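Heads up, the thing below is written out as structure tokens.
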Amino acid sequence: MSGDVELVAELANVSKVFLDGWRREVRAVAGLTLCLRRGEIYGLLGPNGAGKSTALHCLLGLLRPSQGTAKLFGQSVEVGAPLFQRVGYMPEDWTAYDFLTVAEMLEVFADLHGVDRTRRRAQVRQALDRSGLTEHANRRLRRLSKGMRQRASLAQAILGEPDLLILDEPTKELDPLGRRDVRVLLGQLAQNGVTVLLSSHLLSEIETVCHRIGVMHRGSLVAEGELDSILAGSASRILRFALPPECSPQLARRSSQEMSGAGAQQQRTRSTAISRTLRSSVRRSSRSSLSRYVSKTTSLRSSLAHDRPSGNCSNASSKNDPKSGLFSVPPIGGGSRGGRP
């Protein structure tokens, strides 16, 4: 508890270091600290490789932090703890037993969540309805499209009415209609007191649904707060560098305003100089390759012309000439008598 606000999840100075194939340290997360309050939707934003998924895995106990602590509902995270029955998780790349139907898969996950048998069917029907899979309940997972499989992953995450919902790239394979359904569902869950931690690299998806946003860059949390305050600060430079402007209408407006300023001409001049340098280097490389090809072709033609025999093939001088390229074959009878056998 922090005052009158209940902290549902907390990462305190968490760092995670991996070793690559050369036994060198690779720091995926560096000193990350964040807190999630009850009933809020928190968006974890950052480019690919910023450490978002690693941070979620540390919070879920799937990875042990190299430094720092992770807590859920005020308790330290331990693998197999009963508190995970209150957590729903939707991974970025989700795989399941594809020979099962959607309803059978949800039955299995309901059993793993510890849902009572008397309430299991009702929970499965509710998850199917919320995820838009009621008509596909009896279809096998292998028969589903990528978007429908993503909906099935969302259905297993919201199964059992979790108090904390962690979603890693939930709109990855969804069409615009599916993305809208996810936004509506997350808003309804937040109104019912469910805490949602949403990870994505698409600012346009996060800005429409999240109450607070944390920006990760190279494993660190560089900014946190509401979107307007983040865009007004220094973290907006990181967003414009890591994310294309079309990902967010606000970023597009800010970029267009800055391009119309005094520094626009310098940026255009610098871009033009870089383009000219690249084009000239490509021309030089092409000319060098062409000259090497012509030189090799000319030498090959001259060697072939030098090795080609001249005159009659039965000429006696060509039989013993090593440069003629012909082999002198002795008579089959051998000896000095010669002639045919």
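Would you mind checking which residues have amide H under 5 Å from Val8's amide H? H placed 1.01 Å from N; only 5 or more apart, or other chain.
It is Leu36, Arg37, Arg38, by chain and number.
Just to verify a number: what accessible area does His211 come out at with the full protein assembly present, 1.4 Å probe, Å² rounded to tens?
Surface accessible to solvent at His211 totals approximately 100 Å².
What's log10 of I(q)/I(0) for the range 1-60 at q = 0.13, 0.18, 0.19, 0.26 Å⁻¹, Debye sum over Cα points only, no solvent?
One equal scatterer on each Cα of the range 1-60 leads to -0.42, -0.71, -0.77, -1.16.
Given N residues in the range 173-233, what is Rg(Cα) / (2.2 N^0.38 Å)?
Cα Rg divided by the expected 2.2 N^0.38 Å: 1.21.
If you roll a 1.4 Å probe over the heavy atoms of the protein chains, what accessible area per residue do you get for the range 14-136, in Å²? Walk me through the intermediate numbers first.
Values: 6820 Å² over 123 residues.
For the range 14-136, the per-residue accessible area is 55 Å².
Putting +1 on Lys and Arg Cβ atoms and -1 on Asp and Glu Cβ atoms, find which of Pro65, Val87, Gln156 reaches farthest to the positive end of the dipole of the range 56-159.
Positive-end residue among those listed: Gln156.
Could you tell me which residue out of Met216, Ala190, Ser200 lies farthest along the dipole of the range 171-222 toward its positive end? Charges go on the beta carbon: Lys and Arg +1, Asp and Glu -1, centred on the Cα centre.
Ranked along the dipole, the leading option is Met216.
Using the per-residue mean of other Cβ atoms lying within 10 Å as a proxy for protection, in what order, highest first, do the peptides 57-63, 91-97, 14-20 fall?
57-63, 14-20, 91-97
At a 1.4 Å probe radius, carbon and sulfur cover how many percent of the accessible area of the range 116-223?
About 43 percent, which is the carbon plus sulfur part of the accessible surface.
Which value, in Å² and to the nearest 10, is the accessible area of Met148 when all protein chains are kept and the probe is 1.4 Å?
For Met148, the solvent-accessible surface is approximately 50 Å².
At 1.4 Å probe size, with no ligands or nucleic acids counted, give the accessible surface of Ser220 in Å², nearest ten.
Result for Ser220: roughly 40 Å² accessible.
Can you send over the carbon and sulfur percentage of the accessible area for the range 11-109, probe radius 1.4 Å, protein chains only?
C and S fraction of accessible area: 50 percent.
The values are calculated or read from the model by the stated rules, or taken from the named source; none is laboratory data. Not measured: the values here are computed from a predicted model. Quick reminder, even Gly has a Cβ in these numbers, built from the backbone with ideal geometry, and neighbours come from all protein chains shown. Accessible surface is based on the protein model in full, side chains and every heavy atom, while ligands, DNA and RNA are left aside. Shrake-Rupley method; radii C 1.70, N 1.55, O 1.52, S 1.80 Å.
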